[in-house]
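Structure first, commentary second.
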Amino acid sequence: MNDMKKKRHKSLLVLLVLIVLFGIFMPIPYYIEGPGSAVQLNELVKVNQKDDQEKGHYMLTTVAIRKATPLTYFMKYLPFHEGVTKEELFGTNTSDEEYTNLQNYYMTSSINSAIELAYKTAGEQYQLTYNGIYIMSILEGSSFEGKLTVGDTILSLDGQNFESSAEFIEYVQQQEVGQSIEVTYEHNGEKQTTSGNLMDMKETKQAGLGISLVDNTSIETEIPVAINAGEIGGPSAGFMFALQIYTQLTGKNLRDGNEIAGTGTIESDGTIGRIGGIDKKVVAASEEGATIFFAPDDTIDPVIKANYPEMMTNYQEALEAAKEIDTEMKIIPVKNFQDAIDYLEGL
């Protein structure tokens, strides 16, 4: 009898261990977003082959995304955490690889925009080069499904090169629906060719490849600049990269020894754009010791506001998060790059 009890207890213990291991390590198609990190940009950026030696730091902020397990699923109930499905995270993309390709493109694009803006504002020389069409998504029903991949760059159509996405679109729309078209593209650094039939685009009622696209550009500067973003992806670091580059280009002591974090997309005209997860980024910045946090002061479209009356601007969201964690970090609203420079020059 005692032996049977021991065997039963041993079996229950093994089962319990298996359940715990399953709960900890078995991934499910669900993700947990939470506060990420605040990364000092002097570790990532070199201008004219020199490091930034001035006191204080600029910091980009991130949101951490973790694949959930049955146990970590419940982290979504923690403050400043939330759960998202695979579809909500990836959108129309169907794989981790496509999602990673998009995030890498967004980061590369934001870095190029940051360099362009910083050099233009500092009065330094730069040159933008058009490389082709970057594929953002492929529509269901496109004959290029399985042939092209999100992240590929289209170099030419029917052997013809283009100088912009506008020229590319104009050429395609002059063709006929159902017509075969040859596409030369770059995939993982290799030049390849494929072909497919043009489809009827419902929005325009004209011929199209069935892809969404943006310009793929690169930038060259007379004063060298090197940025190593590592595994950080997405577009939201553009604004802070621009501040770091501009400060090093001009040699101005804009930080005055402060630890300055922030977030926001950046356009070549200086516009700072809205981003997601700003509450989590405020938490990350505060934990890293930031004393100032730049938040995009975006304008919400009246139609969107009417449909989502509870929607707040990034600045309002950042203020609420700062109040909730009771931080002394100052939340500063910025609409454009010059707003940030003006604030820093007044420190």
> For labels at Glu287 and Arg66 in the simple 7 Å Cα→Cβ model, what's the distance in nm?
Replying inline: 1.0
>> I need the phi-derived Karplus couplings for region 238-249: 6.51 cos²θ - 1.76 cosθ + 1.60, θ = phi - 60°, integer Hz, Gly and Pro marked x.
In response: x, 4, 5, 4, 4, 4, 4, 5, 4, 4, 6, 5
> Between Asp326 and Val214, what length in nm is gained on full extension when 0.36 nm per residue of separation is reduced by their alpha carbon distance?
Replying inline: 36.2 nm
> Could you give me the ³J(HN,Hα) list for region 65-79, computed from phi with Karplus coefficients 6.51, -1.76, 1.60 and θ = phi - 60°, whole Hz, x at Gly and Pro?
Replying inline: 10, 10, 5, 7, 10, x, 7, 6, 3, 6, 5, 5, 8, 6, x
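When the chain is fully extended, how far beyond the present Cα-Cα distance does Lys55 get from Met312, taking 0.36 nm per residue of separation?
Net length gain for the segment: 89.1 nm.
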>> Probe radius 1.4 Å, ligands and nucleic acids ignored: give me the carbon and sulfur share of the accessible area of the chain as a rounded percent.
In response: 50
> Which value, in Å², gives the accessible area per residue of the chain when a 1.4 Å probe is used on the protein heavy atoms?
Replying inline: 54
> Could you list log10 I(q)/I(0) for region 263-329 at q = 0.12 Å⁻¹, which the Debye formula gives when each Cα is one point scatterer?
Replying inline: -0.34
> What are the residues whose amide H is under 5 Å from the amide H of Asn131, where those residues sit 5 or more places off or on another chain and H is modelled from the backbone?
Replying inline: Asn216, Thr217, Ser218
> Of the trypsin sites (Lys or Arg not before Pro) in region 174-258, which ones lie in a loop per DSSP and count no more than 11 other C-beta atoms within 10 Å?
Replying inline: Lys202, Lys205
>> With the cut-off at 1.5 for a/c, could you classify region 174-223 from its C-alpha gyration tensor as rounded, prolate or oblate?
In response: oblate
> Counting each DSSP H run of 4 or more residues in the chain as -39500 (n - 2.57), what helix-only mean residue ellipticity at 222 nm follows after dividing by all residues, to the nearest 500 deg cm²/dmol?
Replying inline: -10500 deg cm²/dmol
> What Kirkwood hydrodynamic radius, in Å, does region 146-287 give when the mean of 1/r is taken over all pairs of distinct Cα atoms and then inverted?
Replying inline: 18.9
>> Between Ser156 and Glu87, what is the label-point separation in nm under the 7 Å Cα-to-beta-carbon projection?
In response: 4.2
> Scattering from the C-alpha atoms of region 205-328 alone, worked out with Debye: what is log10 I(q)/I(0) at q = 0.13, 0.14, 0.16, 0.19 1/Å?
Replying inline: -0.70, -0.79, -0.97, -1.21
>> Under 5 Å between amide hydrogens, which residues at least 5 positions from Glu259 or on another chain qualify, with H placed 1.01 Å from N in the peptide plane?
In response: His57, Thr291, Ile292
>> Once each part is reduced to its C-alpha centroid, what is the distance from region 231-300 to region 167-198 in angstrom?
In response: 38
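The values are calculated or read from the model by the stated rules, or taken from the named source; none is laboratory data. Bear in mind that the values here come from a model prediction, so they are computed numbers and not experimental data. Using ideal geometry, Cβ is built from the backbone for each residue, glycine included, and neighbour counts are taken over all protein chains shown. When the accessible area is computed, the model is the full protein with side chains, heavy atoms only, and any ligands, DNA or RNA have been set aside. Shrake-Rupley method; radii C 1.70, N 1.55, O 1.52, S 1.80 Å.
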